[in-house]
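Data first, discussion second: the structure below is written as structure tokens.
The values are calculated or read from the model by the stated rules, or taken from the named source; none is laboratory data. From a predicted model like this one, the values you see are computed outputs, not experimental measurements. Don't worry about glycine lacking a Cβ; one is built from the backbone with ideal geometry, like all the others, and counts go over all protein chains shown. Heads up: the accessible areas ignore ligands, DNA and RNA and are worked out on the full protein's heavy atoms, side chains in. Shrake-Rupley method; radii C 1.70, N 1.55, O 1.52, S 1.80 Å.
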Amino acid sequence: MGPLTTIGLPVALGVIMFGLGLSLTPRDFARVATQPKAVIVALACQLLLLPAACFGLVLLFDLPPVLAVGMMLLAASPGGTTANLYSHLFRGDVALNISLTALNSVIAVFTLPLIANLSIAYFLPGDDGLGLQLAKTIEVFAIVLLPVVAGMLVRRWKPAFADRMDRPVRIASIVILVVVIAGAIASNLELLVDNFGRLAGITVLFCLLSLGIGYLVPRLLRVERRQAIASSFEIGIHNATLAIVIAQTVIGSVEMSLPAAVYGVLMFFVALGFGFLIRGRGADAAAAPATATATADGADEPGPRRARS
């Protein structure tokens, strides 16, 4: 593995997670008390429904074992900071996004190693060298949480500086995300080309399924629409960089990172299309009551409208 993997990937993820920390305050964690239903439903989708759905897709597509574990690693990764941008573009509850990302990042320290180990035990039985034992789990903790905590401390001690840096770090995070994924693809181009055909379909379907679950389940449970949009992007836009870093630098398998690399490229387009779809549905839903009201008013007063005193 080259410098991009051993140095570039962890540094890139560190910048992204530090940028997340700059936007967080303890209040974002406390918001769960004021919006418990939306948070609990979204977390249940993220932690229970998504791994189960991904496992079903992996079996359906009959992926090779290493790629199957890579898909499960992706499913276990929390939402990425890009989810906040998409939620803002399509009028979701961005404050809820921030809270969910904060909570998911903490929870992922425990659930990501658990799902990774269960997946390796199922798909690669007997391969003891690939699991996330205690030392590697601590490494996951350091990769995921320490930059977030550092960012939060900067916000607490230097709020004006954090406010000034928030936008540049967000832009840098997106640029770094694109560069790192492009670099990971370029450095493993032959391996990626060999597997792109079998991974494109499942990653697109998984992204659509994640977005759909994140939107429809909250709506079915009567969660407010803006919160459902936030939930959709939080659940549907995974932190592909985290999955790539865990696969390549912690577990030590380039092939295992391929699903996240393919997903990281395709998710931007899938999420954009999905955003326009649900925005169109929202416009239709808003127009329907107005049309019904206008029809009712017309029915009450056939012919020319009378002047009201």
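Quick check on my filter: what residues within the stretch 238-266 are surrounded by fewer than 24 Cβ atoms within 10 Å (Cβ to Cβ) and either in a helix (DSSP H, G or I) or under 14 Å from the mean Cα position of the chain (by Cα) (or both)?
So the first thing to find is which residues in the stretch 238-266 are surrounded by fewer than 24 Cβ atoms within 10 Å (Cβ to Cβ), and the list is 249-255, 265-266.
Matches in the stretch 238-266: THR249, VAL250, ILE251, GLU255, VAL265, LEU266.
Every listed requirement among (1) crowded, with 18+ Cβ neighbours inside 10 Å; (2) touching a residue at least 60 places away in the same chain (Cβ under 8 Å); (3) hydrophobic (A, V, I, L, M, F, W, C); (4) within 25 Å of LEU258 (Cβ to Cβ) is met by MET72 save one, (2).
Matching residues to (1) of a type in the set (D, E, K, R); (2) out of contact with any helix residue (DSSP H, G or I) (no Cβ under 7 Å at 6 or more places or on another chain); (3) within 19 Å of CYS207 (Cβ to Cβ):
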residue: ALA30; (1), (2), (3): no, yes, no
residue: VAL41; (1), (2), (3): no, no, no
residue: GLY56; (1), (2), (3): no, yes, yes
residue: LEU73; (1), (2), (3): no, no, yes
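Among the residues here, VAL204 does not qualify as part of a helix (DSSP H, G or I), touching a Cys at 6+ places or on another chain (Cβ under 8 Å) and open to solvent by 20 Å² or more (accessible area, probe 1.4 Å).
Kindly evaluate SER99 against the criterion of being modelled with pLDDT of 80 or more, among the small types (Gly, Ala, Ser) and under 25 Å from VAL254 (Cα atoms). So SER99 fails the test. Restricting GLU224, GLU190 to those that are of a type in the set (Asp, Glu) and in contact (Cβ under 8 Å) with a residue 24 or more places away in the chain reduces the list to GLU224. Restricted to the stretch 225-251, and to residues there that are touching an Asp or Glu at 6+ places or on another chain (Cβ under 8 Å) and of a type outside the set (A, V, I, L, M, F, W, C), the residue that is farthest from PRO78 (Cα to Cα) is ARG226.
For TYR215, the conditions (1) out of contact with any Ser or Thr (no Cβ under 7 Å at 6 or more places or on another chain); (2) within 20 Å of ARG91 (Cα to Cα) all hold with the exception of (1). Looking only at the stretch 168-202, which residues are within 19 Å of the chain's Cα centre (by Cα) and modelled with pLDDT of 75 or more? VAL169, ILE171, ALA172, VAL175, LEU199, ALA200, GLY201, ILE202 - these are the residues of the stretch 168-202 that are within 19 Å of the chain's Cα centre (by Cα) and modelled with pLDDT of 75 or more. Scanning the stretch 143-167 for residues that are surrounded by 13 or more Cβ atoms within 10 Å (Cβ to Cβ) and small (Gly, Ala, Ser) returns ALA150, GLY151, ALA162.
For the stretch 48-59, the set of residues classified as in contact (Cβ under 8 Å) with a residue 60 or more places away in the chain and surrounded by fewer than 18 Cβ atoms within 10 Å (Cβ to Cβ) consists of LEU49 only.
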